[in-house]
Amino acid sequence: NIEVVTAPDDGFPLWVSDVRPGREHDLTALRASGAIPVLQEWTGDELHQVLFDLGYEGCATQEGPLAIPFKKPKGGTLTYEQKGHNRIHNALRAVGERGNALLKGTFGVLRNVTIDPWQIGSVAKACLVLPHMEHHRTT
């Protein structure tokens, strides 16, 4: 599991974490990845509004600052307002998903990991440098 932080305006990948074991997302794991300090440095201590997907349900809320969409209740439906919130949230988050797509689309090694999984964090960081050089971007 690798966390990716992208620019809010165009989804350009800005930072990738080291590899973390498992698939579970919680605040402890998110802090351990190093993403929280990076986000605080770039957005201020309040973290203003950082968008996550439903995989982060245990460490974020719909109000933010770590924001997730509403999850459909088991056997229920979302309200009109919740559906509207989710549409806006997902549209804004889609910009950030472009960063993942850029990295995975450009570097096949990030799509199908055939090396030691513990080394993929270093590979992802190396892959992050190349688009920065090509597009003359700095973080």
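The values are calculated or read from the model by the stated rules, or taken from the named source; none is laboratory data. Fair warning: this is a prediction, and the values are worked out from it, not measured in the lab. Positions of Cβ are generated from backbone atoms using ideal geometry, with glycine treated the same way; all protein chains shown enter the neighbour counts. Calculation scope for accessible area: heavy atoms of the full protein, side chains included, ligands and nucleic acids excluded. Shrake-Rupley method; radii C 1.70, N 1.55, O 1.52, S 1.80 Å.
List pairs: first in region 50-64 and at positive phi and open to solvent by 20 Å² or more (accessible area, probe 1.4 Å), second modelled with pLDDT of 75 or more and outside any loop (DSSP other than H, G, I, E, B), Cβ under 8 Å, 6+ apart or cross-chain? Cβ pairs passing all conditions: Gly64/Val50.
All of (1) touching a residue at least 12 places away in the same chain (Cβ under 8 Å); (2) over 17 Å from Ala7 (Cβ atoms) hold for Thr114 with one exception: (1).
When we screen Ala101, Ala124 for residues that are farther than 20 Å from Asp9 by Cα and part of a helix (DSSP H, G or I), the only hit is Ala124.
Taking Leu78, is it over 18 Å from Glu3 (Cα atoms), open to solvent by less than 60 Å² (accessible area, probe 1.4 Å) and either of a type outside the set (A, V, I, L, M, F, W, C) or modelled with pLDDT of 90 or more (or both)? So Leu78 fits the description; yes. Of all residues in region 82-103, count the ones that are over 10 Å from Pro69 (Cα atoms) and open to solvent by 60 Å² or more (accessible area, probe 1.4 Å). Number of matching residues: 5.
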